[in-house]
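Contents: one structure, followed by commentary.
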Amino acid sequence: MEKKLKERVEEMVAAWGNHRPLRLMFQDEARFGRIADRRYCWCHRPDRPVVSAMVTQEYTYAYGAVSPLDGAFDSLVLPHVNSDCMQIFLHEIANRYPGDNVIMILDGAGWHKSKDFDLPENIRLLFLPPYSPELNPQEHLWDELREKYS
């Protein structure tokens, strides 16, 4: 990745054919939510309460992108991880940086590679090698968030 990154970025910049500033952003999603479980409750002796428990799983997903060169961080909270929500996120980033050419570096998740994407004209996607989350600084932001605020 490191040896090829410079060449790939140069190719993308040349393909744009304009002189707008370049913004490298690293993107990832994180799941946040709750799982309800069984709890003990008080009652009078000798009764033993029978409490039916239903496991409830409720999740929401945070889409985030960080630009390590200037520290800019952008995020959206969306209900799913799929290509439709990824499309919303890409359009939002394009609208937040209309004067920049944005190269979005991301992992190879299936919803990142939809053939139906309508990529904004100022965004290009660049994929990390498989099984290399350590190359994505956005991953570390999720770790920090979960450690400090969960």
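I'm trying to understand the selection: among the residues of region 92-108, which are among the hydrophobic types (A, V, I, L, M, F, W, C) and without any contact (Cβ under 8 Å) to a residue 60 or more places away in the chain?
Ala94
Checking Asn95 against (1) part of a strand (DSSP E or B); (2) surrounded by fewer than 11 Cβ atoms within 10 Å (Cβ to Cβ), which test does it fail?
(1)
Within region 98-108, how many residues are over 18 Å from Phe73 (Cβ atoms) and either among the hydroxyl-bearing types (Ser, Thr, Tyr) or open to solvent by less than 20 Å² (accessible area, probe 1.4 Å) (or both)?
1
Quick check on region 116-150: of everything there that is among the hydrophobic types (A, V, I, L, M, F, W, C) and assigned to a helix (DSSP H, G or I), which residue is surrounded by the most Cβ atoms within 10 Å (Cβ to Cβ)?
Among them, the one singled out is Leu141.
Going through region 21-49 one residue at a time, which ones are in a loop (DSSP other than H, G, I, E, B) and either closer than 26 Å to Cys85 by Cβ or at pLDDT 95 or above (or both)?
Within region 21-49, Pro21, Ala36 meet the criteria.
Tell me yes or no: at least one residue of region 66-83 is of a type in the set (Val, Ile, Thr), more than 25 Å from Lys4 (Cα to Cα) and touching a residue at least 12 places away in the same chain (Cβ under 8 Å). Spell out the reasoning first.
First, pick out the residues of region 66-83 that are of a type in the set (Val, Ile, Thr): 66, 77, 81.
Within this subset, residues satisfying the condition of being more than 25 Å from Lys4 (Cα to Cα) are 77, 81.
Retained after the next criterion (residues that are touching a residue at least 12 places away in the same chain (Cβ under 8 Å)): 77, 81.
Yes: region 66-83 contains one or more residues that are of a type in the set (Val, Ile, Thr), more than 25 Å from Lys4 (Cα to Cα) and touching a residue at least 12 places away in the same chain (Cβ under 8 Å).
Restrict the check to region 59-71 and report whether at least one residue is modelled with pLDDT of 85 or more, more than 13 Å from the chain's Cα centre (by Cα), acidic (Asp, Glu) and open to solvent by 50 Å² or more (accessible area, probe 1.4 Å).
Taking every residue of region 59-71 in turn, at least one turns out to be modelled with pLDDT of 85 or more, more than 13 Å from the chain's Cα centre (by Cα), acidic (Asp, Glu) and open to solvent by 50 Å² or more (accessible area, probe 1.4 Å).
Does region 108-120 contain any residue that is in contact with a Phe, Trp or Tyr (Cβ under 6 Å, 6 or more places away or on another chain) and within 17 Å of Gly71 (Cα to Cα)?
no
The values are calculated or read from the model by the stated rules, or taken from the named source; none is laboratory data. Quantities reported herein were computed from a predicted structural model and do not represent experimental measurements. So basically every Cβ, Gly included, is an ideal-geometry build from the backbone, and we count neighbours across all protein chains shown. When the accessible area is computed, the model is the full protein with side chains, heavy atoms only, and any ligands, DNA or RNA have been set aside. Shrake-Rupley method; radii C 1.70, N 1.55, O 1.52, S 1.80 Å.
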